[in-house]
1. Could you sort 304-315, 133-144 so that the peptide with the highest average Cβ count within 10 Å comes first and the rest follow in order?
2. Take the cross-link list LYS436/LYS509; LYS436/LYS504; LYS21/LYS193; LYS121/LYS369; LYS229/LYS458; LYS193/LYS369 and give me the ones stretching past 20 Å between alpha-carbons.
3. Determine the calculated [θ] at 222 nm for the chain from helices alone, applying -39500 (n - 2.57) to every DSSP H run no shorter than 4 residues and normalising by the residue count; nearest 500 deg cm²/dmol.
4. Could you tally the net charge around PRO107, taking each other residue with its Cβ under 10 Å from the Cβ of PRO107, Lys/Arg +1 and Asp/Glu -1?
5. Near LYS126, which aspartates and glutamates are there with a Cα under 19 Å away, not counting those fewer than 8 places off in the same chain?
6. Averaging sequence separations of C-alpha pairs under 8 Å and six or more residues apart, then dividing by the length of the chain, give the relative contact order as a whole percent.
7. If we sort 515-528, 369-382 on the protection proxy, mean other Cβ atoms within 10 Å, highest first, what's the order?
8. Let me have the relative contact order for region 118-179, percent, based on Cα pairs under 8 Å that are six or more residues apart.
Amino acid sequence: MEGKITGIAGPTVTLAMPGLKMYDRVLAGAARLFGEVIRLGPEGAVAQVYESTRGMGVGEPAISLGKPLTVRLGPGLLGAIYDGLQRPLPEVAAATGPFILPGSQWPALAEERVWAFVPLKQPGDKVAVGEPYGAIEEDGTRHFLFADQAGTVAAMASGSITLAQPLAELVGGGTLTAAQEWPIRIPRPWRRKFAPTTPLITGQRVIDFLFPLARGGTAMLPGGFGTGKTVLEQAIAKFAEVDIVVYVGCGERGNEMADMLEEFATLTDPWTGRTLMRRTIMVANTSNMPVAAREASIYTAVTMAEYYRDMGCHVLLLADSISRWAEALREISSALEEMPGEEGYPTYLASRLASFFARAGMVETMSGKIGSLSMILSVSPPGGDLTEPTTQACLRAAGAFLMLDTGLAHRRHFPAINWFQSYSLYDQEMTAYFGKEVDPAWAGLKRQTHTLLQREEKLREVAEIVGAEGLQDADHLVMHTAARLRQEFLRQNTFDSDAFSTPKLTLEKAARLLDQHTAAEARLARGDFLTDILREMA
Ligand SMILES: Nc1ncnc2c1ncn2[C@@H]1O[C@H](COP(=O)(O)OP(=O)(O)OP(=O)(O)O)[C@@H](O)[C@H]1O
Ligand SMILES: [Mg+2]
């Protein structure tokens with residue numbers, strides 16, 4: 001289908017092209033820039049364009065590809081680095097330098113790479129849509145290949161294959177290949193969704209112990225400027241106990257992303273020992289890249305995450321930061337001259353975010369496997385104001401709220417997670433799990449930790465009024481232990497050997513501190529001097 005550009009507003013263009021459908025992909029202008037239809041109105045179709053529209057003119061041609069924006073799914077995704085439209089950045093950079101030429105198209109997967117294919121079906125077998133018909137060993141992950149059409153197998157390949165070649169021929173003429181396209185705005189289907197039952201271990205003591213996350217759960221990480229969002233997201237990407245990590249750098253600094261890539265190529269996954277990059281897919285839409293592709297980037301990422309979830313993997317999607325995504329949405333909405341909601345964001349911001357969060361979960365997949373997709377999204381509220389629309393929209397949908405505190409960050413207490421304001425809706429379930437799987441003392445020690453931190457806060461207020469001399473010895477002991485809990489337990493430097501802690505080590509550390517406290521309390525009660533007790537504890 002062909003048509004013409006009749007108007008241009010920021011990242012959007014109006015098209016005169018009868019027959020277009022919502023979310024159809026278009027190539028706009030002489031430069032053939034990638035776009036996607038987002039409104040069909042009386043004035044024509046409006047498409048958002050994922051590259052800069054600078055230099056584009058009214059009257060230039062446009063063509064429709066007659067299909068929605070898709071990602072290419074298949075072996076070779078692991079270790080890849082894409083932009084929001086799934087263009088492989090290292091390959092693009094090697095060919096054309098650091099800037100992507102507008103309108104350039106690149107194969108998302110290495111089509112000529114040879115893989116070892118193991119068929120799971122034989123000639124004569126029936127295969128259903130979504131059923132695995134074969135598998136490939138992809139960097140230590142068993143990569144199942146799903147049928148995208150049903151039929152009876154007539155012929156089946158085995159051994160060395162490439163993505164381009166048909167792997168199965170079906171009776172009547174259909175073929176199955178190792179790669180397939182999936183529209184990014186349509187969640188991949190599943191059979192059943194479960195309430196999360198197992199923890200998503202992050203390796204961060206303050207999270208795993210006080211605000212545990214769940215596999216299949218969602219968490220938001222709001223924090224003002226410089227509170228440690230990026231460092232924490234990257235630390236979790238490194239250490240989380242999952243099979244696959246999809247990391248979206250969304251509108252953040254490019255150099256941070258570059259540093260991360262360098263590190264991931266050399267570091268190993270603490271759980272399996274393989275290189276981190278072999279379990280990671282990166283989607284980079286940094287602040288120097290076109291804003292409109294940012295809107296699509298989180299959908300590109302979540303679709304790849306769902307694809308691995310369908311294989312029965314535990315997948316974690318991290319995005320830094322979802323606020324930059326919301327700003328992209330706002331920019332597009334304002335170009336469309338839509339009625340603005342709060343602070344200029346479109347009125348559908350909250351529902352868009354809610355349906356994005358809804359793609360997380362622990363599910364029984366179409367082929368009967370159990371897989372999970374967890375999400376941790378950082379939020380950058382301007383001025384640290386948590387009442388702003390993006391934070392509020394996330395609050396309504398996320399299962400855990402890990403608030404990064406400017407005061408703590410100033411005192412260089414990292415991760416700067418505020419232990420009074422944060423919460424996790426998975427707390428009860430996950431604490432029970434740790435009690436059963438790690439140590440029955442888990443819940444008790446955790447309660448004691450919360451209590452000590454709360455008592456410290458109260459005592460600090462009292463001390464401000466009556467002076468520290470007004471406090472009893474028992475109070476001084478509480479203040480002492482709470483300070484140690486903050487400094488030795490909740491704090492965790494990402495840049496030294498303490499960066500990662502298993503649940504067992506986390507529990508042992510808490511137990512050591514709290515047992516000392518309990519013993520000191522007993523000695524105080526027996527009449528020992530506080531100064532002696534503290535000296536011996538040190
Ligand atoms: N866990 C940590 N351990 C040690 N240092 C940390 C940790 N987290 C953050 N920092 C320090 O704080 C600095 C700022 O962190 P980071 O860049 O992650 O903040 P941010 O919230 O992403 O900031 P921005 O709002 O600018 O994106 C880091 O450069 C580092 O020095
Ligand atoms: Mg940051």
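1. On the way: 304-315: 24.8, 133-144: 18.4.
Per-residue mean Cβ counts within 10 Å order the peptides as 304-315, 133-144.
2. Working: LYS436/LYS509 18 Å; LYS436/LYS504 12 Å; LYS21/LYS193 31 Å; LYS121/LYS369 17 Å; LYS229/LYS458 29 Å; LYS193/LYS369 12 Å.
Table pairs above 20 Å Cα-Cα are LYS21/LYS193; LYS229/LYS458.
3. Values: 13 runs with 168 residues, N = 538.
Only helices count here, giving -10000 deg cm²/dmol.
4. Values: positive: ARG72, ARG87; negative: GLU91, GLU111, GLU112.
Charge balance in the 10 Å sphere: -1.
5. Cross-link targets: ASP148, GLU169.
6. Details: 1131 pairs, mean separation 76.3, N = 538.
It comes to 14 percent, rounded to a whole number.
7. Values: 515-528: 13.3, 369-382: 24.2.
Listed from highest to lowest mean packing, they are 369-382, 515-528.
8. Numbers: 127 pairs, mean separation 17.9, N = 62.
Taking the mean separation of contacting Cα pairs over the length of region 118-179, I get 29 percent.
Every number here is computed from the coordinates shown, using simple stated rules; none is lab data. All figures in this text were calculated on a predicted structure; none of them were measured in a lab. We place every Cβ from the backbone using ideal geometry, glycine too, and count neighbours over all the protein chains shown.
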